[in-house]
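The values are calculated or read from the model by the stated rules, or taken from the named source; none is laboratory data. Keep in mind it's a predicted model, so treat the numbers as computed, not measured. Here the Cβ is made from the backbone with ideal geometry for all residues, glycine too, and neighbour counts use every protein chain on show.
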Amino acid sequence: MIEPTVALYGDAFNRAAAVLDELIDQAQVRYVLLVDRKGFVLAHREALWAPRPPALDSIATLVAGNAAATQALANLLGEPKFNELVKQGEKQGLYVEEVNDLTLLVMIFDTDTPIGRVKLFGKKAAGELDEITRNAVVMPRELGIDKDFHESADAMLDDLFGN
């Protein structure tokens, strides 16, 4: 089972949510998402005036896949990485800023919002979210069964089968 790399709970979640709320106000975007590179939504916010959001889980998964493909393109071009990604349509745009090697900041905005404003406040928020997410890294568990569980299971099986 794939699990998120970062887990935001309690104070860490509240701090991240406050950064996202401030970003919505400053950048004048519809939606903001903090996602890990596996495609999990860690936190999200929407503007009060925004219509019902699109499927955020799907957006997070597609953005994470797109970020991986963009990283491969950067490598092919001899770049260590590309820090941002911009997609603009007729009515809406999508801006993705790398927070760090674990997380991405996604902003969905109307095309009448200046992209410079989105980038400026996105970079500022990414800097603030960097520390929060680095301190919320989930340490991967060792694979396998721990010793206490193994001994307990052996004892139960011995009792069950009369050994």
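For segment 24-60, a residue qualifies if it is among the hydrophobic types (A, V, I, L, M, F, W, C) and assigned to a strand (DSSP E or B), and the qualifying residues are Val32, Leu33, Leu34, Val35, Val41, Leu42, Ala43.
Just give me the residues in segment 50-64 being modelled with pLDDT of 90 or more and either aliphatic (A, V, I, L, M) or under 20 Å from Gly122 (Cβ atoms) (or both), in sequence order.
Residues of segment 50-64 modelled with pLDDT of 90 or more: 55-64.
Those that are modelled with pLDDT of 90 or more and either aliphatic (A, V, I, L, M) or under 20 Å from Gly122 (Cβ atoms) (or both): Ala55, Leu56, Ile59, Ala60, Leu62, Val63, Ala64.
Six or more apart or on different chains, Cβ under 6 Å: which pairs go from a residue in segment 57-77 that's touching a residue at least 24 places away in the same chain (Cβ under 8 Å) to one that's among the small types (Gly, Ala, Ser)? Could you list them? What qualifies is Ala60/Gly39; Ala64/Gly39. The residues of segment 52-95 that are surrounded by 11 or more Cβ atoms within 10 Å (Cβ to Cβ), of a type in the set (Gly, Ala, Ser) and more than 19 Å from the chain's Cα centre (by Cα) amount to a single one, Ala74.
The single condition from (1) over 21 Å from Gly127 (Cβ atoms); (2) assigned to a loop (DSSP other than H, G, I, E, B); (3) without any contact (Cβ under 8 Å) to a residue 12 or more places away in the chain that Pro80 fails is (1). Out of everything in segment 99-114 that is among the β-branched types (Val, Ile, Thr) and over 21 Å from the mean Cα position of the chain (by Cα), what residue ends up being surrounded by the fewest Cβ atoms within 10 Å (Cβ to Cβ)? Selected residue: Thr111. Residue count for segment 31-51 satisfying the condition of being of a type in the set (D, E, K, R) and crowded, with 20+ Cβ neighbours inside 10 Å: 3. For segment 1-26, filtered to residues that are among the polar types (S, T, N, Q) and at pLDDT 85 or above, the residue that is farthest from the chain's Cα centre (by Cα) is Gln26.
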